[in-house]
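Structure record follows, encoded as structure tokens.
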Amino acid sequence: MNNFKFSSKVLASFILMGILLLTGTIEKSMNLNDLAVEAANLDGIILQNGKKFYYKNGMLQKGQHKVNGNWYLFDRKTGEMKYGQQKDINGQWYLFDRKNGVMRKGQVYDAGNWYLFDRASGAMRKGQVYDAGNWYLFDRASGVMRKGQVKDAGSWYFFDRASGIMKKGVVQDQGNSYLFDRNSGIRKYNLTTGKFFTNIYSIKSPGDLLVIANKNNALASSYVPSKLRNVNVTRKSSTSTRMVDGAASALESLFAGAKKSGIQLGAFSGYRSYKDQQAAYGKYKDDSISARPGHSEHQTGLAQDVVSAAKVNGDGSNVLVQSYGTTKEGKWLAANAHKYGFIIRYPKGKEKITGYSYEPWHIRYVGKDVAAKLYAQNWTLEEAYINGYLK
């Protein structure tokens, strides 16, 4: 028997020749020499028996290949061209056009949903992704673009219900107003006014100086502010008048300023625990004049009820009255509190915004700069956020 040496290319050509004969890709009448030449020269994407395969120098190719400037996926076992969403051996998902098999990249609408496929590699992106100048969220399991308010990695975000773009700042959504951090996009507060206790948000940063604790934003029952201390002013003996240190110092300055003007003030009620507020609310059970537990500014340690010194040990029902605003003490407080970093937290005419009746005695520490701005604009704390002054 004669010995023959075949190159791998020639051997592959004869194997392919048999395949081509069986599939009917070439005519059976061709002689063996013609078949060998035909097989050896087979190149590119070839349609065989209704399916597409890729040959290079006569060799069947499998996996991802770039052909004429486009990427395709050919089954790693059979070599057949793949279409639609496919998971490749690297564990990544890709999208190959459902008609021509070309790999799709960027944001693509497929099978009723939007996806993002890396603009370089084509791999499906998941989670929060910065693309074309905007942030988006693609489901961490399916890769589907998320829209609306979505909780991701423990925080709430808002992605435009049409475009999917992350929105920051004040956002109007389904009849409510929200504040999403202007840097991170994390939801901070429910700023909805006139509609209360329907969509309560748990406050994530209760120690912030400009925290909003109101009917739509609640403090945890366990929250106790740090650096609470007694205020060194005339104060009610039977209740806590403690405040956080910075606010306490500012209150002491305010009282000193009032004294110089001939006004004698008294601290009536400062910090209240969640449990204390339960008892206080239980006396009234009226949401217009008393805060539900968890919704009281007193729990922040930044608020104080201020009355005339002569009535500081009186009963709240007789001392904390709206007519206090017409007294010399109440007038001085309204005109000067901002100079020391305080605001009248529940002013007259703002009931639909704050949700509370006018309280001329309730002041809240926000710092001198913010207090001056709110006083000049006649804004509540909510309005300062709504109008974009506070971030």
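The values are calculated or read from the model by the stated rules, or taken from the named source; none is laboratory data. Computed from a predicted structure; not experimentally measured. Heads up, the Cβs are rebuilt from the backbone with ideal geometry, glycines too, and the neighbour counts pull from every protein chain shown. Accessible surface areas use protein heavy atoms only, side chains included; no ligands, DNA or RNA. Shrake-Rupley method; radii C 1.70, N 1.55, O 1.52, S 1.80 Å.
Report the net charge of residues surrounding residue 391, where surrounding means a beta-carbon distance below 12 angstrom and charges are Lys +1, Arg +1, Asp -1, Glu -1.
Counting the neighbours of residue 391, the net charge comes to +1.
Students often get this wrong: which residues of region 95-117 have the backbone nitrogen under 16 Å from the point 7 angstrom along Cα-to-C-beta of residue 68?
97, 99-103
Given a Förster radius of 35 Å and the C-beta distance between residue 335 and residue 150 as r, what FRET efficiency does 1/(1 + (r/R0)^6) yield to the nearest 0.05?
0.15
Rounded to the nearest 10 Å², what accessible area does residue 356 have for a 1.4 Å probe in the complete protein model?
The accessible area comes out at roughly 10 Å².
Name the residues of region 289-316 whose amide N is less than 20 Å from a point 7 angstrom out from the Cα of residue 229 along the C-beta direction?
299-305
Going toward the positive end of the dipole of the chain, with +1 on Lys and Arg Cβ and -1 on Asp and Glu Cβ, which of 96, 269, 109 do you reach last?
Working it through, the farthest residue towards the positive pole turns out to be 269.
Order of 274-285, 244-255, 322-333 by packing, highest average Cβ count within 10 Å first?
244-255, 322-333, 274-285
Amide H to amide H under 5 Å from residue 170: which residues, 5+ apart in sequence or cross-chain, H placed 1.01 Å off N in plane?
Residues meeting the amide H criterion: 180.
Relative contact order (percent) for region 106-200, with alpha-carbon contacts under 8 angstrom and 6 or more residues of separation?
On the way: 176 pairs, mean separation 13.9, N = 95.
Computed over region 106-200, the figure is 15 percent.
I'd like the Karplus ³J(HN,Hα) series for region 291-297: coefficients 6.51, -1.76, 1.60, θ = phi - 60°, whole numbers in Hz, and an x wherever there's a Gly or Pro.
My calculation for region 291-297 gives 7, 5, x, x, 10, 8, 5 Hz in order.
For the chain, what does -39500 (n - 2.57) per DSSP helix run (n ≥ 4), summed and divided by total residues, give at 222 nm, in deg cm²/dmol to the nearest 500?
Numbers: 9 runs with 85 residues, N = 391.
Using -39500 (n - 2.57) per qualifying helix, the result is -6500 deg cm²/dmol.
To the nearest 0.05, how large is the calculated FRET efficiency for residue 238 and residue 377 if R₀ is 45 Å and r is the Cβ-Cβ distance? Don't skip to the end; give the middle numbers.
Values: r = 38 Å, r/R0 = 0.83.
Rounded to the nearest 0.05, the efficiency is 0.75.
Please calculate the 1.4 Å probe accessible area of residue 140, with all protein chains present, and give it to the nearest 10 Å².
Accessible surface of residue 140 is approximately 140 Å².
Using only protein heavy atoms and a 1.4 Å probe, report how much of residue 156 is accessible, in Å² to the nearest 10.
Solvent-accessible area, nearest 10 Å²: 80 Å².
Where in the chain are the helices, taken as whole DSSP H runs, whose Cα atoms extend 18 angstrom or more along the long axis and whose Kyte-Doolittle mean reaches at least 0.5?
Membrane-span-like by this rule: 8-23.
Residue 118 versus residue 313, label points 7 Å from Cα toward the beta carbon: distance in nm?
Distance between label points: 7.5 nm.
Rank-order 198-206, 214-222 by packing density, defined as the average count of other C-beta atoms within 10 Å over each peptide's residues, highest first.
Highest mean packing first, the order is 214-222, 198-206.
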